[in-house]
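A.B. asks: Okay, here's the structure, questions in a sec.
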Amino acid sequence: MLSVYQACAEVRSRSLPLTPRRLPLLALLGCRLAEPISADRDSPPFDKSLVDGFAVRSADFDASTPPRELRVVEDVMAGSLPALPIGPGEAAAVMTGAPLPPGADAVVMREECQRAKGFVHVRRDHPVSPGMNRLAQGSEMRAGDLLLEAAHRLGAVDLGLLASVGAAAPLVFPRARLGILATGDEIVPWDELPGPAQIRNSNSAHLHALAVEAGAEPVDLGIARDERGILSQALRQALHDERLDVLLISGGVSVGDRDLVPATLAELGVEPVFHKVSLKPGKPIFFGTYGKHPVPAPARREDIDPNGRTLIFGLPGNPVSTIVGFLLFVRPALEIMGGGRAGDASSVRVRLASAFQHRGPRTTFHPCRIVSGGDSRAPWAEPLQWLGSPDLRTISRADGFARLGPGDREHEPGEEVQFLPIRPCAELALSRGAASGHNQSKADHV
Ligand code: AMP
Ligand code: MG
């Protein structure tokens with residue numbers, strides 16, 4: 001059986017960046033750039049007024065040259081160019097965002113002035129200095145300046161920056177399309193009333209959301225019954241769906257009589273890479289690839305047409321197994337497809353807030369809540385008491401999973417361990433601050 005490290009490496013070696021495309025600006029939140037973005041022109045493109053007021057020559061305001069009465073030569077609105085330069089003893093009324101006329105090097109706020117009959121009077125005690133309330137041409141950026149590097153992940157503010165330089169359809173790594181198929185005779189849609197022996201399809205809901213958080217585009221493929229013909233039909237349709245880069249199947253991958261997924265995938269031509277990882281929860285996880293051309297293992301980049309192969313993940317159906325499987329294997333694959341570099345999924349470190357006993361031969365992911373942060377050391381993580389892989393309720397209060405190596409061990413409070421965060425790391429860092437100092441009931445502690 002593969003170790004978690006080996007299995008992660010197998011997934012990474014078969015994940016390739018998707019072919020970059022030009023996509024419209026508003027669709028790009030969370031995508032990575034496939035080209036660097038430079039300024040197309042200076043910003044501001046002219047010396048610009050930061051306030052509503054009067055453009056002046058600061059030299060007119062030397063202490064030796066009162067009075068402070070200036071002739072107003074024109075009014076310049078935002079969006080129009082000044083028609084005239086200003087000379088000694090002259091000013092131009094300017095609105096916020098308007099270009100300054102030649103000759104002006106400062107703007108006096110309107111609140112400091114009185115205007116009457118073609119003249120403006122600047123309050124006597126108001127100091128005027130060169131550059132005041134002026135944003136000089138090119139001070140924010142010069143034409144040609146590098147603003148965003150290739151592979152940068154676009155945040156909300158970046159979209160504004162792209163718009164400001166006219167990058168209306170930059171070259172980006174597209175979102176991976178990920179089909180989600182639930183399986184199981186006992187599973188019903190969440191908006192239907194389950195029969196006495198049935199449960200609702202919770203997996204498709206959190207897998208969908210995890211995919212969105214990972215920057216992918218999920219497609220709900222519904223629920224397939226544990227019946228050879230029906231399952232085969234649903235899987236064939238998904239494998240032939242040209243849109244999909246990844247297929248996620250929940251349930252049906254274990255050793256039960258009705259766990260038909262791996263055999264059915266094999267019949268349909270999926271090449272298995274692994275089935276079972278020394279992992280808890282989620283041991284029977286399946287990973288394979290599907291495409292027109294067989295790929296020798298280990299896969300080499302040049303052997304694979306990135307758009308010709310679908311990555312197939314079969315996640316054991318217990319809700320928490322699907323979550324751990326997604327975070328460990330699917331999220332890194334999506335990261336690489338999206339132009340990023342997936343490192344170790346559980347590379348964050350935490351300190352255990354209480355003693356913890358771990359037993360068993362498999363690498364175990366135990367749910368924890370982050371209970372403090374703030375100093376420069378690893379945050380404290382409180383192990384949560386839970387009922388195991390069906391217990392979604394407890395996981396809804398967890399920030400992630402402590403990674404505990406195989407073998408029986410007593411972990412001391414304060415011991416540092418690796419951590420698999422549920423949310424992407426940046427968000428975890430923020431929530432840590434918010435969570436610090438909060439109290440937990442004893443029942444939460446293991
Ligand atoms: P399986 O991997 O198909 O043997 O399923 C293992 C457990 O996970 C069973 O108790 C299933 O009822 C449960 N399960 C499977 N699929 C889902 C799902 N989509 N939503 C919630 N629970 C599920
Ligand atoms: Mg099942």
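The values are calculated or read from the model by the stated rules, or taken from the named source; none is laboratory data. It should be emphasised that the depicted structure is a prediction, and the values quoted were computed from it without experimental measurement. Cβ coordinates were reconstructed from backbone atoms using ideal geometry, including for glycine residues, and neighbour counts include every protein chain displayed. Side chains included, ligands, DNA and RNA excluded: accessible areas come from the protein's heavy atoms. Shrake-Rupley method; radii C 1.70, N 1.55, O 1.52, S 1.80 Å.
A.B. asks: Could you run through the range 234-275 and say how many residues are open to solvent by 30 Å² or more (accessible area, probe 1.4 Å) and under 18 Å from Pro316 (Cβ atoms)?
C.D. replies: 11
A.B. asks: Report the residue count in the range 31-50 for those that are assigned to a loop (DSSP other than H, G, I, E, B) and surrounded by fewer than 18 Cβ atoms within 10 Å (Cβ to Cβ). Outline the logic, then answer.
C.D. replies: Narrowing the range 31-50 to residues assigned to a loop (DSSP other than H, G, I, E, B): 31, 34-36, 39-42, 44-47, 50.
If we keep only those that are surrounded by fewer than 18 Cβ atoms within 10 Å (Cβ to Cβ) as well, we get 35-36, 40-42, 45-46, 50.
Qualifying residue count, the range 31-50: 8.
A.B. asks: On to the next question. Search the range 228-278 for residues being within 14 Å of ligand 2 (Cβ to nearest atom) and touching a Phe, Trp or Tyr at 6+ places or on another chain (Cβ under 6 Å), and hand back the single one that is farthest from Asn203 (Cα to Cα).
C.D. replies: Pro262
A.B. asks: Pick out, from the range 161-263, the strands (runs of 3 or more DSSP E) lying fully within it that include 2 or more residues that are within 9 Å of ligand 1 (Cβ to nearest atom) and over 19 Å from Leu334 (Cα atoms).
C.D. replies: Numbers: elements: 177-183, 217-224, 246-250.
Result: 177-183.
A.B. asks: Tally up the residues in the range 90-125 that are open to solvent by less than 30 Å² (accessible area, probe 1.4 Å) and assigned to a loop (DSSP other than H, G, I, E, B), please. Give the derivation first.
C.D. replies: Within the range 90-125, the first condition is being open to solvent by less than 30 Å² (accessible area, probe 1.4 Å), and the residues that meet it are 91-94, 97-101, 104, 106-108, 113, 120, 122.
The next check asks that each one be assigned to a loop (DSSP other than H, G, I, E, B); those that pass are 97-98, 100-101, 104.
Count: 5.
A.B. asks: Could you run through the range 146-160 and say how many residues are touching a residue at least 40 places away in the same chain (Cβ under 8 Å), exposed (fewer than 14 other Cβ atoms within 10 Å of the Cβ) and not in a strand (DSSP E or B)?
C.D. replies: 3
A.B. asks: For the range 203-233, which residues satisfy the criterion of being open to solvent by 40 Å² or more (accessible area, probe 1.4 Å), within 21 Å of Asp185 (Cβ to Cβ) and of a type outside the set (A, V, I, L, M, F, W, C)? Please lay out each step first, then the result.
C.D. replies: Kept after step one, since they are open to solvent by 40 Å² or more (accessible area, probe 1.4 Å), are these residues of the range 203-233: 205, 208-209, 212-213, 217, 220-221, 223, 225, 227-230, 233.
Subsequent filtering for residues that are within 21 Å of Asp185 (Cβ to Cβ) retains 205, 220-221, 223, 225, 227-230, 233.
Across the range 203-233, the qualifying residues are Asp220, Arg225, Glu227, Arg228, Gly229, Gln233.
A.B. asks: Let me ask something additional. May I ask you to verify whether Pro390 is within 16 Å of ligand 2 (Cβ to nearest atom) and open to solvent by 10 Å² or more (accessible area, probe 1.4 Å)?
C.D. replies: Working: within 16 Å of ligand 2 (Cβ to nearest atom): yes; open to solvent by 10 Å² or more (accessible area, probe 1.4 Å): yes.
It is true that Pro390 is within 16 Å of ligand 2 (Cβ to nearest atom) and open to solvent by 10 Å² or more (accessible area, probe 1.4 Å).
A.B. asks: Taking the range 276-288 on its own, how many of its residues are in contact (Cβ under 8 Å) with a residue 60 or more places away in the chain and either of a type in the set (Gly, Ala, Ser) or open to solvent by less than 30 Å² (accessible area, probe 1.4 Å) (or both)?
C.D. replies: Qualifying residue count for the region: 7.
A.B. asks: Count, please, the residues in the range 169-211 that happen to be touching a residue at least 24 places away in the same chain (Cβ under 8 Å) and either within 12 Å of ligand 2 (Cβ to nearest atom) or more than 21 Å from the chain's Cα centre (by Cα) (or both).
C.D. replies: So the answer is 10.
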